[in-house]
Amino acid sequence: MDRIEQFFKGYATTLDQGLLVQLSDFSGKSLVFVTDDTKQICHSDAEIINVHETILKALQAGSVTKHVPKIIQSMRLSESVLFVKVRWDLYDQNEKLLFSCYCSYTLQTDEETLFKILVIVLDDEQKQLSELIKQFWN
């Protein structure tokens with residue numbers, strides 16, 4: 001398993017377990033979260049935790065309990081910055097596929113945790129996750 005797959009597998013496990021603070025540890029000290037309807041720039045730990053809490057609440061409201069990432073594309077942007085497109089297959093507790101969505105990530109290499117997420121762009125063509133997130137966005 002390469003470093004990118006390892007990183008997203010850890011991120012998925014943390015999503016599965018609903019570990020909010022640990023989920024935020026995957027992010028850099030600044031984080032940008034973008035959907036078609038929302039743009040959030042986070043500069044503090046509290047703002048980053050709030051974004052992840054919103055995502056977790058939306059996923060839980062949609063009965064999602066398992067998150068399976070599939071790396072679609074990765075591209076080196078600089079020596080320490082990568083672009084990664086991920087398809088997320090989202091399952092319920094019976095392991096029934098509920099829906100899939102795509103997210104694009106800008107990652108920066110990190111000595112401790114492999115990478116830190118700088119930017120998350122939700123590319124949700126079916127609008128299922130976007131609609132769930134709208135319900136919880138402050």
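Read-outs throughout are calculated quantities, based only on the coordinates presented, and are distinct from any laboratory measurement. Because the structure is a prediction, the values reported are computed rather than measured. Please note: Cβ atoms are built from the backbone with ideal geometry, for glycine as well, and neighbour counts cover all protein chains shown.
Amide H contacts of F99 (H built 1.01 Å from N, in plane; Pro and chain starts excluded): L90 sit under 5 Å, all sequence-distant by 5 or more or on other chains. In the list (i) 53, 30, 26; (ii) 45, 42, 27; (iii) 39, 33, 26, the label attached to Cα extents along the principal axes in Å as derived from the coordinates here is (iii). For the pair D92 and E47 in one chain, pulling the backbone fully straight at 0.36 nm per residue adds 13.4 nm over the alpha carbon distance. Computed over the chain, the per-residue total of -39500 (n - 2.57) for DSSP H runs of n ≥ 4 gives a 222 nm mean residue ellipticity of -10000 deg cm²/dmol, rounded to 500. Computed about the Cα centre, the dipole magnitude for the range 4-93 is approximately 240 debye when only Lys and Arg (+1) and Asp and Glu (-1) carry charge, each at its Cβ.
Which FRET efficiency value, to the nearest 0.05, is calculated for L77 and F99 with the Förster distance at 25 angstrom and r the Cβ-Cβ distance? The pair L77/F99 has a calculated efficiency of 0.30. 3J(HN,Hα) along the range 93-110: 5, 8, 6, 8, 5, 8, 5, 10, 8, 10, 10, 10, 10, 9, 10, 10, 4, 9 Hz, from the Karplus curve 6.51 cos²θ - 1.76 cosθ + 1.60 with θ = phi - 60°, whole Hz, x for Gly and Pro. Going down the table (K57/K85; K9/K70; K9/K39), which pairs top 21 Å between alpha carbons? Checking Cα-Cα distances, K57/K85; K9/K39 exceed 21 Å. Backbone phi angles across the range 45-55, fed through the Karplus curve with coefficients 6.51, -1.76 and 1.60 (θ = phi - 60°), yield HN-Hα couplings of 4, 4, 5, 5, 4, 4, 4, 5, 5, 4, 4 Hz in residue order; Gly and Pro are listed as x. The residue among T13, Y102, G62 whose Cα reaches farthest toward the positive pole of the charge dipole of the range 3-136, with charges on the beta-carbon of Lys, Arg, Asp and Glu, is Y102.
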